[in-house]
Every structure is written in C-alpha cells, then in structure tokens.
Amino acid sequence: NRESETKLMSTPLTIVARIEAHPDSIALVKVELEKLIAPSLADAGCLHYAMHQDNETPAVFLFFERWETRALWQAHMEQPHLAAFLAATDGAVAELTINEMTQVTG
C-alpha cells in the first residue's frame, strides 16, 4: 500500500551486493571495485560502504552499504562511477546479486 511504500522510501536502506568474478578476472574486478569506494562514500546519503573479499573463494566480493533513503541509493546507482565499473568489468563478472534490506534489530 501507499503508506508502506512511502515509509520504505524514507527509512534507511541496507544493501548487500554480491559480485562474483570469473576466476581469470579476480584481480581486474577487485581493482575496479576498489575504485568505487571513495566516490560512493562521497555520494549523497551514503552512510556506510564497505567492501569484503571471501577468504576461501577470492572471486567473491560483498559490499555492505547503508543509505539514508532508497531514493538516494537509486541516485547513487546512476552515477558515472557505477557506469565506469560496469564498462571496465564487462565480461569479467560471472554473477551480480543486489539485496535491498531493512535493518530489524541492533
């Protein structure tokens, strides 16, 4: 309903993004992901933007992000640094999953 949609648009949003590189592209994907950190932290509404790499499967990267609102995260997704990442890693990323989440405890 409209009220719950409005509430979701104005509450903080947690993003969990999982990026899996092709095995021969891990180094490239890592370098390009690292390039996202500084400009993303500078984007309006960014509260937290942290990159992680799996200890046992180095092709897997996770980002944990917090945004003031979903609208500000959506604006971030339209920024040139995201387009540059997608262009630079075209064919190097095996899988990309983005979960939009709401914090319920803590």
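The values are calculated or read from the model by the stated rules, or taken from the named source; none is laboratory data. Bear in mind that the values here come from a model prediction, so they are computed numbers and not experimental data. In this analysis, Cβ positions are derived from the backbone assuming ideal geometry, glycine residues included, and neighbour counts consider all displayed protein chains. Side chains included, ligands, DNA and RNA excluded: accessible areas come from the protein's heavy atoms. Shrake-Rupley method; radii C 1.70, N 1.55, O 1.52, S 1.80 Å.
What is the chain's relative contact order, in percent, from Cα pairs under 8 angstrom and six or more apart in sequence?
Details: 167 pairs, mean separation 46.4, N = 106.
Averaging sequence separation for qualifying contacts and normalising by length gives 44 percent for the chain.
Amide H of residue 22 versus every other amide H placed in the peptide plane: which residues, excluding those fewer than 5 positions away on the same chain, fall under 5 Å?
93, 94
With every protein chain present, what accessible area does residue 24 have (1.4 Å probe, heavy atoms only), rounded to the nearest 10 Å²?
140 Å²
Can you give the charge dipole size of the chain about its Cα centre, rounded to the nearest 20 debye, using +1 on the beta carbon of Lys and Arg and -1 on the beta carbon of Asp and Glu?
With only Lys, Arg, Asp and Glu charged at Cβ, the dipole is about 320 debye.
Rounded to the nearest 0.05, what FRET efficiency do residue 87 and residue 55 give with R0 = 30 Å and r taken as the Cβ-Cβ distance? Could you check?
Plugging the Cβ-Cβ distance into 1/(1 + (r/R0)^6) gives 0.55.
Tell me the label-point distance for the pair residue 34, residue 96, using the 7 Å Cα-to-Cβ offset, in nm and rounded to one decimal.
2.0 nm
Taking only DSSP H segments of four or more residues, each worth -39500 (n - 2.57), what value at 222 nm results for the chain once the sum is divided by all its residues, to the nearest 500 deg cm²/dmol?
Details: 4 runs with 43 residues, N = 106.
It comes out at -12000 deg cm²/dmol, rounded to the nearest 500.
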